[in-house]
1. Residues that are within 17 Å of the chain's Cα centre (by Cα) and either at pLDDT below 95 or not β-branched (Val, Ile, Thr) (or both): list the strands (runs of 3 or more DSSP E) wholly contained in the stretch 146-190 that include at least 3 such residues.
2. Filter the stretch 71-89 down to residues that are under 14 Å from the mean Cα position of the chain (by Cα) and touching a residue at least 60 places away in the same chain (Cβ under 8 Å) and give me whichever is farthest from residue 179 (Cα to Cα).
3. Pick from the stretch 106-126 the residues that are of a type in the set (D, E, K, R) and in contact (Cβ under 8 Å) with a residue 24 or more places away in the chain: which of them is surrounded by the most Cβ atoms within 10 Å (Cβ to Cβ)?
4. So which residues in the stretch 95-137 are over 14 Å from residue 74 (Cβ atoms) and basic (Lys, Arg)?
5. Tell me, yes or no, whether the stretch 129-143 has at least one residue that is charged (D, E, K, R) and out of contact with any helix residue (DSSP H, G or I) (no Cβ under 8 Å at 6 or more places or on another chain).
6. Looking at (1) part of a helix (DSSP H, G or I); (2) more than 15 Å from the chain's Cα centre (by Cα); (3) free of Cβ contacts under 8 Å to residues at least 24 places away in the same chain, which is the one condition that is false for residue 140?
7. Taking the options 76, 132, name whichever one is of a type in the set (Lys, Arg), part of a helix (DSSP H, G or I) and at pLDDT 95 or above.
8. What is the residue count in the stretch 181-202 for residues that are hydrophobic (A, V, I, L, M, F, W, C), in contact (Cβ under 8 Å) with a residue 12 or more places away in the chain and under 21 Å from residue 71 (Cβ atoms)?
Amino acid sequence: MKRYLLVILVSLLSVHVFAQQPVTSQPASLVMGSKAPDFNGVDYQGKKHNLKSLLKGHSAVVIFFYRGQWCQYCNKYLKLMQDNLAKLTAKGAAVVAVTPEVDLAINTTASKTGAGFPIMNDKGYKIMKAYKVDYVVSATDLALMRKYHIDIDANNGNADHVLPIPATYVINKKEKIVFAHFDVDYRKRAAMDDIIAAIPAM
């Protein structure tokens with residue numbers, strides 16, 4: 001019982017500590033009304049995706065970024081996205097997730113969350129940089145992650161220590177951003193009702 005309580009206490013403390021640490025090299029978010037950067041990527045199942053092609057067959061694209069399968073807030077949000085996928089696609093939207101984690105880790109994420117939408121490994125951070133969500137984890141945060149056995153080097157397949165701000169954007173057929181959620185506090189994610197409401201009619 002004592003061991004169980006200790007695990008809970010450590011988990012709560014780690015969440016609190018990570019939430020208080022500032023983001024190093026904080027990026028500047030894209031704003032509503034601006035042109036969305038084009039993207040090209042391959043999901044963990046080997047299928048290619050790009051913005052222009054997705055918009056040809058959909059009224060909008062919902063693109064969001066997550067940190068990794070080790071992030072409980074990310075897993076919760078991916079599951080929420082999956083739970084609402086029918087509502088999103090009913091309005092004509094395509095949903096795409098972008099992450100720095102390698103395909104093996106993405107498989108773990110998909111297994112944990114039941115995600116049925118494309119998840120792309122952003123090798124070289126091209127998409128993250130284009131959408132201005134990339135940042136380098138501070139040395140303090142990195143040490144804390146290692147203390148709590150979070151190995152982003154293994155998860156991302158490199159020692160760059162780059163993660164995304166977990167931002168969400170809705171892009172219309174004119175490639176304009178019609179909804180943007182960007183918050184350096186990774187616990188705060190875009191509300192699903194707001195995303196659905198922002199999707200233009202087909």
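The values are calculated or read from the model by the stated rules, or taken from the named source; none is laboratory data. All values reported here derive from a predicted model rather than from experimental measurement. Neighbour counts are summed over all protein chains in view; Cβ atoms, including those assigned to glycine, are modelled from backbone coordinates with ideal geometry.
1. Numbers: elements: 162-164, 168-172, 177-181.
Where strands (runs of 3 or more DSSP E) fall fully within the stretch 146-190 and carry at least 3 residues being within 17 Å of the chain's Cα centre (by Cα) and either at pLDDT below 95 or not β-branched (Val, Ile, Thr) (or both), they are 177-181.
2. Pass one, the stretch 71-89, residues under 14 Å from the mean Cα position of the chain (by Cα): 71-82.
With touching a residue at least 60 places away in the same chain (Cβ under 8 Å) added as a condition, the list becomes 71, 73-74, 77, 80-81.
On the way: 71: 24, 73: 21, 74: 20, 77: 17, 80: 18, 81: 16 Å.
For the stretch 71-89, the residue satisfying everything is 71.
3. Filtering the stretch 106-126 for residues of a type in the set (D, E, K, R) gives 112, 122-123, 126.
In the following step, the residues that additionally are in contact (Cβ under 8 Å) with a residue 24 or more places away in the chain were identified as 112, 122, 126.
Numbers: 112: 15, 122: 23, 126: 15.
Per the stated criteria, the residue is 122.
4. Scanning the stretch 95-137 gives 123, 126, 129, 132.
5. Among the residues of the stretch 129-143, at least one is charged (D, E, K, R) and out of contact with any helix residue (DSSP H, G or I) (no Cβ under 8 Å at 6 or more places or on another chain), which makes the answer yes.
6. (3)
7. On the way: 132 fails: part of a helix (DSSP H, G or I).
Only one candidate qualifies: 76.
8. Count: 5.
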